[in-house]
Structures are given as structure tokens and as C-alpha cells.
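Here's the structure, in C-alpha cells; my notes come after.
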Amino acid sequence: MTGLSVSLGGMEARNPVFLASGILDETGASMARIACLGAGAIVTKSVGMEPRPGHPNPCVAETPCGLLNAMGLPNPGMEAYAEEIRAALVGGVPVIASIYGSSPREFGELACMARDAGASAVELNLSCPHAKGLGLEMGQDPVLGGDIVKACKTSGIPVFPKLSPHVNNLGDMAKAFQDAGAAGIVAINTLRGMAIDVEARMPVLGNSTGGLSGPAVKPVGLRVVYELYTHTNLPVIGVGGITSGRDALEYIMAGASAVQVGTAVLQRGPGACGDIARELEELMGSMGLERLHEAVGIANMERRRGSGE
């Protein structure tokens, strides 16, 4: 898949289809397995400084068009989780540590700990819709977001802030991340949603609300990636509802330099990332696209040509 190789902020990946945070990434062994099955890179579960139990069950609910989850960022803390990052490196692909914190300083310390464990980059969870004070609130403040990126830059590894689809100041956030030295932007996290158990007359999830992922969110993710491509020169990593090579190519044509796959892994199995990468390569070949960069943002460029911009 030489035509699919991608470089993001100095991080080299054999293909642009990565495992998204929160899916089969609790252990180094599961992450290494998915890497060996063809993923271009692995994003870990979100990890903080201290252990966190997460929300009470039920934490996951299926919907007709996706998946709702309200895990609440359960994790053992970075000191303990560092062993899983090291074990994941056996897969031979970049491991991106997803981190969350309560302040720029804490984010910076976590980034350094992730680097020391062998992570190739960090993804900043600034957009979790179901962990009060540890996600979405931070991801809507350009000044705070920029400060967090700057703090994490001290680690010396690439920094990728992850945006919420609920952000209403997309251009301001993108500029703040770019000015602070981010290597790229990840978009999007899950959408806030819920489900009701009619018989029980109460919400299905223990936390009442959660994050919606899967095919239902793809149009939103595409829109955000498309807009980000016009707001920043930073590479964009597209996430949300990618279940096939065609879905991945839509994101790439909207402006993504790479994509992440989450819910589809539960549907297609641990080889989903590798399978989607092969489908992407075949589809590009049938369209005469030999290299990934030839497709990045092409839908944006076609729109501009059509409007005479």
C-alpha cells in the first residue's frame, strides 16, 4: 500500500486508516493485534493522570443507525497504562496516546509520560460529551485550547487536538490550534444523544446521555472536515461513521489526510481498519488516483473551480 502512506507532523504511517480511541484499546495485546491486521496507526483509550472508574452501567446502547456510549473515561491512570502502550508497540505501527486532563499543565505532564512510554504522538480529548469538566467545555475555548496544545508541545512529539461536532467557533479553534503548533486536528468526536426505555420509563444509559457514533454521524463529520480544510493548513484526521473504503475516500476528498475507524470495528471485526484500507486503495486505483495526496481535499477544490473562486 505504498500509495497510501502518510506523514503527519513527522509521524509516518503505512496507510491512513487508524483505530479510533475507545475501541478494543484497553490492552496492549488487543492494540497490537489490530495493528498486525492492517491498521495504519493505533489510538489508545483516553487516559488521565489518576485512575477513573467511569459511569455506572449500562454504558452502551445500540440504535438503528449507530451506537450510544457513556463510558465516563474509565482508565487506570497513565502510570499504569504506560505498560499497555509499550505492549502495543509490538504491532509495529505508531501508537497515539489519547489523553485528557483538567489543566494545560496536567495535559503537558501526561504528554511527556506518553512519550516516555513510547507513544509516537498524543491526541487531546477536548471533546468528550459525557465527562463533566474534562472534555467538551475545554474544546470550545480557543485560548484554553491553544494553551493545552502549547503545554503538550513540550513533550517533543506531535500533538493532535480532537474537536467536538458541537463547536460553534470552528474557525477560531482551528486558528488557535495552528498558532499553538498542533501537528493536525482530529474531527469529530461523538454527538451528544440518548435513548429511552419505554417499558422502564427511563433513559437506557446509566448516565442518561452519551455519545452517538456510527453511520448516523458521518454527514456531520464530513461537514466539519470540509470546513476545517478551508480554515486551516493543518492536516485533518476525519472520524465518524466510516465503515468502508468509500466512506474513507469521502472524508479524504472532503479534506482529511487520514481517518479513524471505531464503531465499524465492532461490526466488521478487528481487521476492519486493514480491510477498509485495502478497499480504499482499490477504489482509488479504479479512479486513477495513485497517491493519497491526489485525493485530499479534491471535493473542496472542485467546488472552488465550479464557483470560480
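Considering only residues of the range 154-196 that are among the charged types (D, E, K, R) and within 23 Å of LEU19 (Cα to Cα), which is farthest from the chain's Cα centre (by Cα)?
The extreme case among them is ARG192.
Cβ-Cβ distance below 9 Å, separation of 6 or more or different chains: which pairs start in the range 283-298 with a residue that is among the basic types (Lys, Arg) and end on one that is not in a helix (DSSP H, G or I)?
ARG291/SER5
Collect the residues in the range 240-274 that are over 23 Å from MET301 (Cβ atoms) and hydrophobic (A, V, I, L, M, F, W, C), keeping them in residue-number order. Lay out the reasoning, then the answer.
Going residue by residue through the range 240-274, those that are over 23 Å from MET301 (Cβ atoms) are 241, 243-244, 260-274.
Once the filter is applied, which keeps residues that are over 23 Å from MET301 (Cβ atoms) and hydrophobic (A, V, I, L, M, F, W, C), the range 240-274 yields VAL261, ALA264, VAL265, LEU266, ALA272, CYS273.
For (1) in contact with a Leu (Cβ under 9 Å, 6 or more places away or on another chain); (2) crowded, with 19+ Cβ neighbours inside 10 Å, each residue gets a yes or a no:
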{"site": "SER7", "(1), (2)": "no, no"}
{"site": "VAL17", "(1), (2)": "yes, yes"}
{"site": "SER21", "(1), (2)": "no, yes"}
{"site": "GLY40", "(1), (2)": "yes, yes"}
{"site": "PRO58", "(1), (2)": "yes, no"}
{"site": "PRO76", "(1), (2)": "no, no"}
{"site": "ALA80", "(1), (2)": "no, no"}
{"site": "VAL90", "(1), (2)": "no, no"}
{"site": "PHE107", "(1), (2)": "yes, yes"}
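Assuming GLN267 fulfils every condition listed in (1) part of a helix (DSSP H, G or I); (2) crowded, with 20+ Cβ neighbours inside 10 Å; (3) not basic (Lys, Arg) apart from one, which condition is it?
Status for GLN267: all satisfied but (2).
Go through GLU302, GLU290, GLU309 for me and flag whichever is within 20 Å of SER7 (Cβ to Cβ) and modelled with pLDDT under 95. Break it down into steps so the answer makes sense when it comes.
Details: GLU302 fails: within 20 Å of SER7 (Cβ to Cβ); GLU309 fails: within 20 Å of SER7 (Cβ to Cβ).
After applying the criteria, what remains is GLU290.
The rows are residues; the columns are (1) within 20 Å of SER46 (Cα to Cα); (2) touching a strand residue (DSSP E or B) at 6+ places or on another chain (Cβ under 8 Å); (3) in contact (Cβ under 8 Å) with a residue 24 or more places away in the chain.
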position: GLN140; (1), (2), (3): yes, no, yes
position: ASP197; (1), (2), (3): no, yes, no
position: PRO219; (1), (2), (3): no, no, no
position: LEU222; (1), (2), (3): no, yes, yes
position: SER244; (1), (2), (3): no, no, yes
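Need at least 3 residues that are under 18 Å from the mean Cα position of the chain (by Cα) and modelled with pLDDT of 95 or more per element, so show me which strands (runs of 3 or more DSSP E) inside the range 1-102 make the cut, counting only ones lying wholly within it. Let's see the steps before the verdict.
Working: elements: 6-8, 11-13, 17-19, 41-47, 60-63, 66-69, 95-99.
Result: 6-8, 11-13, 17-19, 41-47, 95-99.
Using the structure shown, decide if GLY210 is in contact with a strand residue (DSSP E or B) (Cβ under 6 Å, 6 or more places away or on another chain), within 16 Å of PRO64 (Cα to Cα) and touching a residue at least 40 places away in the same chain (Cβ under 8 Å).
Values: in contact with a strand residue (DSSP E or B) (Cβ under 6 Å, 6 or more places away or on another chain): yes; within 16 Å of PRO64 (Cα to Cα): yes; touching a residue at least 40 places away in the same chain (Cβ under 8 Å): yes.
Spelling it out, GLY210 is indeed in contact with a strand residue (DSSP E or B) (Cβ under 6 Å, 6 or more places away or on another chain), within 16 Å of PRO64 (Cα to Cα) and touching a residue at least 40 places away in the same chain (Cβ under 8 Å).
Would it be correct to say that VAL186 is among the β-branched types (Val, Ile, Thr), farther than 24 Å from ALA97 by Cβ and at pLDDT 95 or above?
Details: among the β-branched types (Val, Ile, Thr): yes; farther than 24 Å from ALA97 by Cβ: no; at pLDDT 95 or above: yes.
Here the answer is no, as VAL186 does not meet what is asked.
Going through GLY211, GLY262 one at a time, which residue ends up being closer than 26 Å to MET31 by Cα, touching a Lys or Arg at 6+ places or on another chain (Cβ under 8 Å), surrounded by 21 or more Cβ atoms within 10 Å (Cβ to Cβ) and not acidic (Asp, Glu)? Show your work before the answer.
On the way: GLY262 fails: touching a Lys or Arg at 6+ places or on another chain (Cβ under 8 Å).
None of the others qualify; the one that does is GLY211.
Taking only pairs six or more apart or across chains, which ones have beta-carbon atoms under 8 Å, a first residue in the range 48-74 that is touching a residue at least 40 places away in the same chain (Cβ under 8 Å) and over 19 Å from GLU123 (Cβ atoms), and a second residue that is loosely packed, with under 15 Cβ neighbours inside 10 Å and of a type in the set (D, E, K, R)?
If the second residue must be loosely packed, with under 15 Cβ neighbours inside 10 Å and of a type in the set (D, E, K, R), the pairs left are LEU68/GLU62.
Have a look at VAL143, VAL204, VAL220 and point out the one that is under 16 Å from the mean Cα position of the chain (by Cα) and either closer than 19 Å to ASN69 by Cβ or at pLDDT below 95 (or both).
On the way: VAL143 fails: under 16 Å from the mean Cα position of the chain (by Cα); VAL204 fails: under 16 Å from the mean Cα position of the chain (by Cα).
Exactly one of VAL143, VAL204, VAL220 is under 16 Å from the mean Cα position of the chain (by Cα) and either closer than 19 Å to ASN69 by Cβ or at pLDDT below 95 (or both), namely VAL220.
The values are calculated or read from the model by the stated rules, or taken from the named source; none is laboratory data. Here the structure is a predicted model, which is why all the values come from computation and not from measurement. Heads up, the Cβs are rebuilt from the backbone with ideal geometry, glycines too, and the neighbour counts pull from every protein chain shown.
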